[in-house]
Amino acid sequence: MANLTEIQQTIAKNDCLNDSNTSFNNTKNNNKSDKDFVEREAREQREGGGEQDMAPIGGNPIHRSSSRPQLDVSGAAIQGNFEERDPTILLPNQSDDISHLALDIGGSLIKLVYFSRHEDRPVNDRIKKTIKERLGISNGNRRSYPVLGGRLHFVKFETNKINQCLDFISSKQLHCGGMDAHLWHSGVSNENAVIKATGGGAYKYADLFKERLGVSIEKEDEMNCLVAGANFLLKAIRHEAFTHMEGHKAFVQIDQNDLFPYLLVNVGSGVSIIKVDGDGKFQRVSGTNVGGGTYWGLGKLLTKCNSFDELLELSQRGDNRTIDMLVGDIYGGMDYSKIGLSASTIASSFGKAISDNKDLEDYRSEDISLSLLRMISYNIGQISYLNALRFGLKRIFFGGFFIRGHAYTMDTISFAVQFWSKGTSQAMFLRHEGFLGALGAFMSYEKHGLDDLMVHQLVERFPMGAPYIGGNVHGPPLGDLNEKISWMEKFILKGTEITAPVPMAPPGTTGLGGFEVPSSRGGILRPDASKLNVGVLHLVPTLEVFPLLADPKMYEPNTIDLSDPGELEYWFTVLSGHLPDLVDKAVASEGGTDDAKRRGDAFARAFSAHLARLMEEPAAYGKLGLANLLELREECLREFHFFDAYRSIKQRENEASLAVLPDLLMEIDSMDEETRLLKLVEGVLAANIFDWGSRACVDLYHKGTIIEIYRMSRNKMQRPWRVDNFDAFKERMLGFGDKKPYQHKRALLFVDNSGADIILGMLPLARELLRRGTEVVLVANSLPALNDVTAMELPDIVAEAAKHCDILRRAAEAGGLLVDAMINIQDGSIDSSSSVPLMVVENGCGSPCIDLRQVSSELAAAAKEADLVILEGMGRSLHTNFNAKFRCDALKLAMVKNQRLAEKLIKGSIYDCVCRFEPAS
Amino acid sequence: MDRNGVTEGELEGRGMNKCVEQVSHLALDIGGSLIKMVYFCGENSGSEHQQGILSSKESCGLSNGNTNCSVLRGKLHFRKFETSKINECLEFMSSKQFHRNGEDCHGASVSEKNIIKATGGGAFKFADLFKEKLGMTLDKVDEMNSLVAGANFLLKAASLEAYTYMDGQKEYVQIDQNDLYPYLLVNIGSGVSMIKVDGDGKFERVSGTSVGGGTFWGLGKLLTKCKSFDELLGLSYSGNNRVIDMLVGDIYGGMDYSKIGLSSTAIASSFGKAVSEDKDLEEYKPEDVARSLLRMISNNIGQIAYLNALRFGLKRIFFGGFFIRGHAYTMDTISVGVNFCCCNAARSSIVREVFIVSHECTSCRSSHYCFS
């Protein structure tokens, strides 16, 4: 449906056409004349379209920004018959620039950055609209320019295999605006289309692009692009910069306001050293002709290696002492300590070759490669530092293809900078280093509005089952899910461990031939150690920083730092252990068909491969926390089109819980206020036991019905809990001594699981708050994760619960949640004004955890008037945010369903409870 | 041995027979690649003279800047050996009876006279060898001290010691002795040391690089199968670096990248062209390889030296060391390299003068004059 929504999108701008979307939706499957068109369509059905089919088609132009910014849709008109499915839209004023794709054609590599639109999950837009109105959000005032959500992809090809690159572009239709955009151009020739490109090859291959793809290349200045790319990365991407010393990688948080000036060293064939003073303000201050080209060129002559990577790989096993003359060689093994030279310092690169009576053939290629690498890296580090010194610059960032995440190269450069600066200066590297130029060229399109992106709007994801992991194209461009699965099936299974593949594409074949395990993986200095470093950047313009965080700059979502190998291994084991069960659930949720089984298998392989990869290099995508790992699992499921593995389980539990809700509410209403509050909090903690994310709880499920477990669980709630601030919370709510009860204006309830957790736990608590005159906003996931309740499911649950409870009903009506259910009495508006509203907003994420730096704009808007935050469940209040501080009252409620976490976090044991209340600071 | 420039060493060699008896006062600089030897040979045999040179007054006089050393009558001889062929050096010394002449000529005790001044890493490494073969003890003189003392001496004592190279023209200059300091001394041996010199005995090694003469020779040997350093240098003279180096013009389709001041003939990436061409090492002419290598290394040294001079605000850079060794084209190349950097950064007016010190073994001399 990608293309359909595309139309909606473009049309949405023209208000007069706004209502016609539905007619497109309904006019499916009409005949088509253009054969080519049909085929393309079919492919999309399988790929993009299939994804949309899984979820209800909402056709939700409100949530998305109102137009594709690079398109001038004025005068848009539908060509041909309106009844036709996917009619072609003529955009007469469309500029010929294609802002989806930019290239950096270097001497050795072609780097591609392209943007793909990604359809947001459809949400019941009518409810949403009501809530938005209620919260005072209008589309107009959020941003001054429209930016569309989507993904930035990073891909690279070898320049001498430029045809692969052209095939890739062609198969993805990138030269005419991406697959989802072909409609604009079908029937319209893109003769005048222009692609921005940088790099020396932009001139050289211009004719080839014209001939093969019919597009013109517009050359962008190289330095401009480099600087624009680096500025963008350093400003917009968290954990972009890192240091690398002695094999240890540490991410550096750069304060955006204190970024300039810095020195940018781009190590390509040669080296450019650029002083950057601001956006578009820079000067090439120096450079050296001893760069990546020298390494590769000399290395090729000396070792007969066929590729740069092969040469790097060789260096891993090299010993430079056989060729380099060390200080110790001159001084008979002694240091020249007087001037600070140790015996192992290289006195003269290749100096030993002088005295040895050996020919080139007598030296190991490995040693030669390492000597060469050290000589060049060290030299680059030194010259860069001297230039930084000259201009008094604190920071030196190294980028360019020569570095390509190679641990030894980075170590050597770092060492040189450290050595010459006597430790006062550190070399920093960029994770997207190879893509500076391409990104910069991409930024040079004027109209995409990416320039002002903020960190919180970009979510970096693991490149999931994609053929171009880490920017390397592995295999052919995958046209559809089926090809993706086939590709995943090629992953190598080595014992229990799945090794990420290093596909060997025999020249001239499809690349699906076979895969080989890398021959060398010794120690920490693997040449491919960082190949997966480049994730896909998801651009979600609606994401914002949660406004109630006490100190957004200091905020760290993850409670457990997975850079601790012990922790990583534990969670790796936990997630691996869960996997078979999850695959069963996922396959069952799709009807257990052969297709589902095949997808399930592919998912398991892909997920295992990613886990294995992260075990090897935890920092591959930036700092790794448990939240990222859990999110990875959900993303991976979605990638293989399992959109809600727990759908039926959730439904079943919801029904079972709703059945007992009236009794529970009656029981609660019979208590006095103080007892009631305690029982409600107890209830939340008890109900939180229903968590499919916890192994222990999954076992519980086999032992009894939901209500039995809930009762048992609640009866065991013996205070004091392991973390028990209930009294403080109670005093705040009900007053104590001189202190008056505090009535909160609005409470945000971050809910966790479906079933008993939400219905028997959180809803009754919400009801109590409503009764006290506090507005309640239920904050739920945008996308399914495990059995977590989603923002899409909540309105139905609330509507169902409201049938048994006036308080909930009136509040839900006031909050616009019952628009569907009450559609016939909408005009009456009854007494909605007499109740404070109960609302539902999505949190912007699809993970069991939540990173409050990136929440939906709805949540951010809802938070503005909130003075109470309640985080419920392990994922949101323990794994993440356990240490988060808020500007308002905060209550964190969870039952710990993991022994290790219980020991580590609260020095307790499994099934202990946390009731942490932190008054506004 | 050397077609391209007659070094002092050769001249001395011819005169050697005459003055074999008068040879005295030997000093050694045993580097990673080369052993540099300096010895004094009196014109008229006479122990007074020789004792004169030994006296501390003498060396004081020199370091005070007296350029006319009237007391001295004789010649300083310079000779070099490859460190890997240290036996040749030992044999030479043995044949010239250096190790005994002190005994013959002077009345001093054997133990005292069997001590020779030596510097360089090899002074440590080969100390036992000298003791064993020649019965000599090496008195290790600090390398940097020696270098600086030697350079200071040469710049003060030898007229027209330094020259500049501008627009293809070599111009010898007389350095104003009163305005000598501070300067940057770049000693290009196997590796490169960069020393900031503030006065006699006042200096600091501020930088250096491992990409030096040893790299040129070592890599060159592997790439061209040349048998000697001089052969390699000779090759480089007739080579064309454009064959292998990637020039700015190669990337920009023959155009300059004038925006950042790079001409189309500037080297963008040394050996970069070898990347894209499907050629084996054998398919490149050794001359071209040697030329590219020489340009790469001398440009690099020039650049690092320049950046260090900038850093300390030094007006003058002096280049010396065996890598330069009096070969016109080596000197030219390094001058071009340095001037390229300096001209490129002409807006910075700090480094005004770049000099090449024409004697190749400054440290060796200095060790001689560090006797006291």
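Nothing in this text is a laboratory measurement; each read-out follows from the coordinates by a stated rule. Nothing here was measured: the structure is a model prediction, and the numbers come from that model. Quick reminder, even Gly has a Cβ in these numbers, built from the backbone with ideal geometry, and neighbours come from all protein chains shown.
In plain terms, the chain from A:S171 to A:D551 could stretch by 132.2 nm, reckoned as 0.36 nm per residue minus the Cα-Cα distance. As a calculated quantity, the FRET efficiency between B:K85 and A:H248 at R0 = 30 Å, using C-beta atoms, amounts to about 0.10. Placing a pseudo-label 7 Å from each Cα along the Cα-to-Cβ vector at A:S216 and A:M666 gives an inter-label distance of 7.9 nm. The mean count of C-beta atoms from other chains within 10 Å of the C-beta of residues in B:84-91, rounded to a whole number, is 1.
From most to least packed by mean Cβ count within 10 Å, the peptides A:850-863, A:641-654 give A:850-863, A:641-654.
Among the residues of B:300-309, the average count of other protein chain beta-carbon atoms within 10 Å of the residue beta-carbon is 4.
Available extension along the chain between A:Q718 and A:T705 is 2.5 nm, counting 0.36 nm per residue and deducting the alpha carbon span. For A:V285, the residues whose amide H sits under 5 Å from its own are A:I273, A:I274, A:K275, ignoring neighbours fewer than 5 places away on the same chain, with H placed 1.01 Å from N.
How high is the FRET efficiency between B:N240 and B:K279 when r is their beta carbon distance and R₀ equals 25 Å, given to the nearest 0.05?
0.95
The simple spin-label model puts a point 7 Å past each Cα toward its Cβ; for B:E132 and A:M615 those points are separated by 5.4 nm.
The stretch between A:Q256 and A:S344 holds 27.7 nm of extra length on full extension. This uses 0.36 nm per residue minus the Cα-Cα distance. For the listed peptides A:743-755, A:560-572, a ranking on the average number of other beta carbons within 10 Å per residue, highest first, reads A:743-755, A:560-572.
Pairs from the table (A:K300/A:K394; A:K196/A:K623; A:K249/A:K897; B:K36/B:K133; A:K172/A:K300) lying more than 25 angstrom apart at Cα are A:K300/A:K394; A:K196/A:K623; A:K249/A:K897; A:K172/A:K300.
Annotation: peptides A:708-717, A:267-276, A:393-402, ranked by per-residue average of other Cβ atoms within 10 Å with the highest first, follow the order A:267-276, A:393-402, A:708-717.
Taking the Cα-to-Cβ direction at A:S909 and at A:T573 and moving 7 Å from each Cα, how far apart do the two end points lie in nm? Those two pseudo-labels are separated by 1.9 nm.
Report the calculated FRET efficiency for A:F736 and A:A920 (r = Cβ-Cβ distance, R0 = 22 Å), to the nearest 0.05.
Numbers: r = 17 Å, r/R0 = 0.77.
Here the calculated transfer efficiency is 0.80.
Listed values for the stretch A:374-381 are Karplus-derived 3J(HN,Hα) couplings in whole Hz (6.51 cos²θ - 1.76 cosθ + 1.60, θ = phi - 60°), namely 5, 4, 6, 4, 4, 5, 5, x, and x replaces Gly and Pro. Note on A:277-289: average number of Cβ atoms from other chains within 10 Å of each residue's Cβ is 4.
Karplus-derived 3J(HN,Hα) values for the stretch A:349-358, using 6.51 cos²θ - 1.76 cosθ + 1.60 with θ = phi - 60°, are 5, 6, x, 6, 5, 5, 8, 5, 8, 10 Hz; glycine and proline are entered as x.
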